[in-house]
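Colleague: Mind looking over this structure? Questions follow.
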């Protein structure tokens, strides 16, 4: 009976294991599994080699499954009659030699069966509730209705005064900047007490730093970023490369061009002689 109950309760119609996601009707599944187990008990209660009909299954289902007891009429009931049809040691229309499990034994076995399978049902209910809690991120309907009713005045206030929206947006930006600057998530990794102490000591300087930056941005002043220091080797290399350029720049362009033209013509030192002769001829003419 327990094997039958476990097979039907933990598997669906396709013999696949059930996953308690919250959409299953545990009450109906439990009833089907218990009905199959109770039917098995009615089959084992007596031997039926002659295939005569009996009322064992109906009595078991009416007494154990539905919880109802068929009471006879008060006129025909004597004082010694029992109200429970299972409070007997024999079945109606079944000879004693064919009885394998008496009604009293069936009742005791069913009570033991329910006690031993109750844990499986409780475990399934707990798994279903845990799945619902994990997947249900919305508040309950009464909380949503309370928020809508209680927040109507605030919503109308925001609609009438849009400046409040801007103030809320600025507060959100400041809170986000503080969160990033102070690394609040990282501070609490070492414990809540250490995080609170660290944040309390850094809160005021961080706020002052943010306000100073906002004031500088509003005035158009941008702090100059410090230039990275140049390595020593590159500075010496630049000074060495600049020396030839300085020497070459000190030489006049005209003298350099004249030297180049004289070298090309081949009379670099012969060019001053004709000018000296012309001066001597002029002096002789003036003396004469």
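Computed from the coordinates by the stated procedures, all read-outs in this text should not be read as laboratory data. What you see is a predicted model, and the numbers here were worked out from it, not measured in a lab. Backbone-built Cβ (ideal geometry, glycine too); neighbour counts: all protein chains shown.
Colleague: Arrange the peptides 140-149, 89-98 so that the one whose residues have, on average, the most other Cβ atoms within 10 Å appears first.
Modeller: Working: 140-149: 9.9, 89-98: 12.9.
Per-residue Cβ counts within 10 Å, averaged per peptide and sorted highest first, yield 89-98, 140-149.
Colleague: Would you please classify the overall shape of segment 119-228 from the alpha carbon gyration tensor, given that a ≥ b ≥ c denote the square roots of the eigenvalues, rounded means a/c under 1.5, and beyond that prolate means a/b larger than b/c while oblate covers the rest? Walk me through the numbers before you get to the answer.
Modeller: Values: a/c = 3.53, a/b = 1.57, b/c = 2.24.
Taking the square roots of the gyration eigenvalues as a ≥ b ≥ c, segment 119-228 is oblate.
Colleague: Now for a separate question. Cut-off is 10 Å between beta-carbons; in what order do 171, 125 appear when sorted fewest neighbours first? Could you put the intermediate results ahead of the total?
Modeller: Values: 171 10, 125 14.
Ordered by Cβ neighbours within 10 Å, fewest first: 171, 125.
Colleague: In what sequence, highest mean first, do 2-11, 157-166 appear when ranked by Cβ atoms within 10 angstrom?
Modeller: Top to bottom by mean Cβ count within 10 Å: 2-11, 157-166.
Colleague: For a footprinting-style exposure proxy, rank 179, 20 by other Cβ within 10 Å, fewest first.
Modeller: Numbers: 179 11, 20 19.
Going from sparsest to densest Cβ surroundings: 179, 20.
Colleague: Can you order the peptides 204-215, 110-121 by their average number of other Cβ atoms within 10 Å per residue, highest first?
Modeller: Packing proxy ranking, top to bottom: 110-121, 204-215.
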